[in-house]
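These notes are about the structure you will find just below.
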Amino acid sequence: DAGITQSPRHKVTETGTPVTLRCHQTENHRYMYWYRQDPGHGLRLIHYSYGVKDTDKGEVSDGYSVSRSKTEDFLLTLESATSSQTSVYFCAISLLRGADTDTQYFGPGTRLTVL
Amino acid sequence: AQSVAQPEDQVNVAEGNPLTVKCTYSVSGNPYLFWYVQYPNRGLQFLLKYITGDNLVKGSYGFEAEFNKSQTSFHLKKPSALVSDSALYFCAVRVASSNTGKLIFGQGTTLQVKP
């Protein structure tokens, strides 16, 4: 998994509760991404980061925020979780410079259930 | 809008037979194309990518894919399927000069290889 860990791996929470997911990488890669995976939709980009404190929105960013205060950690926060945010969340990194030709490598995922 | 389509939700093939998992794309610009595989309860694993050059790309585990610009397709193939190839397969595209590394994924195709 390209030195990527995600925590927690599983979480069950209640509607309206804040939730933070963590992605940690060990090799100082500059570009990091958060995706969500839902049946029939493949993976969809939530947010991405191109450096410490440099982040931008993806296609499904509503209801999510991110932070990157250190190169190795990229945090995804659901300020007030809703049932529609029940999903599997994957973190990814680009090994090189985040160029178009780069391959992205994925972490093991976090399964989040919002009741 | 840029998009990727995997027209088959599931592909069934007998072990030892050739397999094809289809992918078509729609982008404005030169595409960079990727295939990933996901085994149950695991993250996505990179299989292969097309950037430029030879239209036939070889990847991991004996898989290959053929880029066809006129048909805007990038089908995944393997000459002889194994039961262990059973998994969920994703096609993804990135447009040249997107400068963010963002990937657009298809909805996924489940490959079932039967003994």
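The values are calculated or read from the model by the stated rules, or taken from the named source; none is laboratory data. This one's a predicted model, so the numbers in the text were calculated from it and none came from an experiment. All Cβ positions, even for glycine, are placed from backbone atoms using ideal geometry, and neighbour counts span all protein chains on display. Just the protein is used for accessible areas: all its heavy atoms, side chains included, with ligands, DNA and RNA removed. Shrake-Rupley method; radii C 1.70, N 1.55, O 1.52, S 1.80 Å.
Below, the figures for the structure above:
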quantity: Residue in segment B:97-105 that is of a type in the set (Val, Ile, Thr), open to solvent by less than 50 Å² (accessible area, probe 1.4 Å), touching a residue at least 40 places away in the same chain (Cβ under 8 Å) and under 18 Å from B:ASN12 (Cβ atoms) present; calculated: no
quantity: Total residues in segment B:69-90, condition of a type outside the set (D, E, K, R) and more than 23 Å from B:TYR25 (Cα to Cα); calculated: 7
quantity: A:SER49, sole failed condition from (1) surrounded by fewer than 19 Cβ atoms within 10 Å (Cβ to Cβ); (2) among the polar types (S, T, N, Q); (3) without any contact (Cβ under 8 Å) to a residue 40 or more places away in the chain; calculated: (1)
quantity: Residue in segment B:40-51 that is assigned to a strand (DSSP E or B), open to solvent by less than 50 Å² (accessible area, probe 1.4 Å), at pLDDT 95 or above and of a type in the set (Ser, Thr, Tyr) present; calculated: no
quantity: Cβ-Cβ under 7 Å pairs, at least 6 apart or on other chains, segment B:7-24 side under 14 Å from B:PHE74 (Cα atoms) and open to solvent by less than 60 Å² (accessible area, probe 1.4 Å), far side of a type in the set (Ser, Thr, Tyr) and in a loop (DSSP other than H, G, I, E, B); calculated: B:THR24/B:THR72
quantity: Hits in segment A:40-57 - residues which are under 19 Å from A:LEU112 (Cα atoms) and at the interface with chain B (Cβ under 8 Å from one of its Cβ atoms); calculated: A:GLY40, A:HIS41, A:GLY42, A:LEU43, A:ARG44, A:LEU45
quantity: Tally, over segment A:56-71, of residues that are in contact with a Ser or Thr (Cβ under 9 Å, 6 or more places away or on another chain) and at pLDDT 95 or above; calculated: 6
quantity: Residue satisfying condition, being among the aliphatic types (A, V, I, L, M), away from chain A (no Cβ under 14 Å) and under 14 Å from the mean Cα position of the chain (by Cα), within set B:VAL11, B:VAL37, B:VAL4; calculated: B:VAL11
quantity: Extreme residue, nearest to the other protein chains (Cβ to nearest Cβ), among residues of segment B:52-64 that are without any contact (Cβ under 8 Å) to a residue 24 or more places away in the chain and assigned to a helix (DSSP H, G or I); calculated: B:SER60
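Per-residue answers, yes or no, for (1) in contact with a helix residue (DSSP H, G or I) (Cβ under 6 Å, 6 or more places away or on another chain); (2) in a loop (DSSP other than H, G, I, E, B); (3) within 21 Å of A:TRP34 (Cα to Cα); (4) of a type in the set (Lys, Arg):
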| residue | (1), (2), (3), (4) |
| --- | --- |
| B:GLY29 | no, yes, no, no |
| B:TYR36 | no, no, yes, no |
| B:GLU66 | no, no, no, no |
| B:LEU76 | no, no, no, no |
| B:TYR89 | no, no, yes, no |
| B:ALA92 | no, no, yes, no |
| B:GLN107 | no, yes, yes, no |
